[in-house]
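Shown next, in C-alpha cells, is the structure this report addresses.
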Amino acid sequence: MARNPDPKPGRWILPLIVIGMVAFTYLFVQGLEPTPQASPGETATTTMIPAVPLDGGPIDTSESTLVDAEVQAYLDQVTLLTTDIVALGAEMVRVNEQWDNREIEFGSARNELRDEINVNVALWGDRVVAVVPPASLTSQHQVLIDSAVAVNTAATEVLAGIESSDNGEQRTAALVSFEVAVGAFNTGADIISG
C-alpha cells in the first residue's frame, strides 16, 4: 500500500473557500448602486424602516431611530431658540444683579433692559411664533408659544419695575416670573426633543 505524503489532504480547501468568499463579496459590493445624495438646495427625505424582531414577533413601529427631514429641521430650530433664550435669561439676571449691587448706574441698567434685552426677547418671541411645526408636534409647539408670550410679558414687567418708584418689589417679582417662563419654555423644548 502506498503511503499518502499529505496526512491531511483537505487542509488546502479552507483557504480556497476564504479566497472565494472575499472575491464574491468584492464583486457584489462593486455591483451595488450608490445611494442617491441630495444636491444643494434639495431637501433629503428619509424612509423609516422598522426593525424586524429576531423572534419573528410583530413589528414594532413605535421605536424608530431615524427622523425625517421636516421633524429634524424643526428640532434644530427649537434647539436654537432654547440656546438663545438661555443666553437672554443670563443677560437679564446679570443686569439686575449689577443694578442690585449698584455696580452700574440706573440709566445704564434701564437702557440695557429697554434697548437690548427687551428688544431681543421680543424678536425671539416672534421667531418662536414664526416656526412652523410638523403636524404631529402642533400642540407641543403651542406650549412653546405660550411660554414665549409669558417670557416677553415678564421682561416688559422687569423694565416697568426698574422704572417704578417702589423699593424693587415689582422688578423682583417680574424677574421671578421671567425665570419661571424661561424654565417652562425649556421644559417644553425638552419634551419635544424627547
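Here are some notes:
- For region 127-172, residues that are surrounded by 15 or more Cβ atoms within 10 Å (Cβ to Cβ), hydrophobic (A, V, I, L, M, F, W, C) and without any contact (Cβ under 8 Å) to a residue 24 or more places away in the chain total 1.
- Within region 94-126, the set of residues being surrounded by 14 or more Cβ atoms within 10 Å (Cβ to Cβ) and within 25 Å of GLN77 (Cα to Cα) comprises ILE117, ASN118, ASN120, VAL121, ALA122, TRP124, GLY125.
- Lone qualifier among THR83, THR79 - being at pLDDT 95 or above, surrounded by fewer than 12 Cβ atoms within 10 Å (Cβ to Cβ) and under 13 Å from the mean Cα position of the chain (by Cα): THR83
- For region 125-181, filtering for residues that are of a type in the set (D, E, K, R) and outside any helix (DSSP H, G or I) leaves 1.
The values are calculated or read from the model by the stated rules, or taken from the named source; none is laboratory data. A quick note: this is a predicted structure, and the numbers were derived from the prediction, not measured. Methodologically, a virtual Cβ is constructed for each residue, glycine included, from the backbone with ideal geometry; neighbour enumeration extends over all protein chains shown.
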